[in-house]
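One structure below.
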Amino acid sequence: MREGIFDKLKKELPDIKKDILLSEYTTFKIGGPAEYFLITTKEKEIIRAIKIAKRLKIPIFVMGGGSNLLVSDKLIKGLVVKNNIKEPMVLMKNNIIKAPGGIVFGKLVDFSIEKSLQGLEWAGGLPGTFGGAVRGNAGAFGGEVKDSVLNVRALDNNLNVRKLSNAQCKFSYRSSVFKKQNWVVLSASIKLKKGEKKKIQEISKSHINYRRERHPLEYPNAGSIFKNVDFKEIPLKFQKIFLDKVKKDPFPIVPSAWFVIGAGLVGKKIGKAQISEKHSNYIINLGGASSRDVLKLIDLVKQRVRKKYGIALEQEVQFVGF
């Protein structure tokens, strides 16, 4: 039966492959084989692939740059589509840039700087694709994607291409309508402001250097594991302890790393996965870590932090295939 499905897929999607290890496509270097795997380079290809998968009633998962993902080591059933749409970025009137969802976010940041436009310099060094950043309303250093988005073109669950305004995107902390409804971000337009190229460049570079110094980029990882904690959500009896740790991101938060430190879990290992000693909101793959190793560490952190501080940490990484 499954062989019959592959033949049907192959007939309509000639570039499709089977049993491709997703560990090759995730920044964690973790992930089992995709039953069927397709890299799409054009918008019409991704729409066609999803349409065919739905018609054949097989599961479908669309991935971007592979960051912010924890993929199971087991077989990922159905079709995994890698959004590799990299049509040219276009600078339009009024300092508006239109960019495809599959482009590396860092390239969009560089493009905006090259055009002396400010508004994305906070994202210097941020991994992943532009579409993924829109989907998760990525943010750092007080900036967020939602601050610049003018409109987004996305594929909904009924295979309709929709154009949504910033308000219709329903952006919230590290989330959006695209994440909640599991819609595919095809492209988006952002509105920026004219600025001084050298100054914008310096800010972006300072953030890139900060990440190199403070984050364990020398090991495979998925980025921040947990969302930061809204200061208001911290029980009153613990707020005083964390007063000097409050940051604006973009509202008052306490970085989750401090709760991991407080729970005494820095450097904790399970199998070949470890809570980073460099930045405790990162779990690193020391080489050969399994998805189960990482999952156990995530569960351990949640349990210890809840027990000690009464806080339910929410993971930022997306689980696939569990």
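What the table shows:
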item	result
So Leu126, is it in a loop (DSSP other than H, G, I, E, B) and buried (at least 16 other Cβ atoms within 10 Å of the Cβ)	yes
Meets criteria (assigned to a strand (DSSP E or B) and either surrounded by 19 or more Cβ atoms within 10 Å (Cβ to Cβ) or of a type in the set (S, T, N, Q) (or both)) for Val109	no
Residue within region 149-156 that is out of contact with any helix residue (DSSP H, G or I) (no Cβ under 8 Å at 6 or more places or on another chain) and under 27 Å from Asn228 (Cα atoms) present	yes
Check on Ser116, closer than 21 Å to Gly65 by Cβ, of a type in the set (Ser, Thr, Tyr) and in contact with a helix residue (DSSP H, G or I) (Cβ under 7 Å, 6 or more places away or on another chain)	no
Failed condition for Gly78, given (1) modelled with pLDDT of 95 or more; (2) under 17 Å from Asn182 (Cα atoms); (3) crowded, with 20+ Cβ neighbours inside 10 Å; (4) not polar (S, T, N, Q)	(3)
All positions within region 241-295 that are in contact (Cβ under 8 Å) with a residue 40 or more places away in the chain and among the hydroxyl-bearing types (Ser, Thr, Tyr)	Ser256, Ser276, Tyr282, Ser290, Ser291
Single residue of Leu159, Leu150 found to be aliphatic (A, V, I, L, M), surrounded by fewer than 18 Cβ atoms within 10 Å (Cβ to Cβ), in contact (Cβ under 8 Å) with a residue 12 or more places away in the chain and over 25 Å from Arg55 (Cβ atoms)	Leu150
Residue satisfying condition, being touching a residue at least 12 places away in the same chain (Cβ under 8 Å), under 18 Å from the mean Cα position of the chain (by Cα), under 20 Å from Arg135 (Cβ atoms) and not in a loop (DSSP other than H, G, I, E, B), within set Lys86, Lys82	Lys82
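The values are calculated or read from the model by the stated rules, or taken from the named source; none is laboratory data. Just so it is clear, the structure is predicted and the values come from calculations on it, not from any experiment. Here the Cβ is made from the backbone with ideal geometry for all residues, glycine too, and neighbour counts use every protein chain on show.
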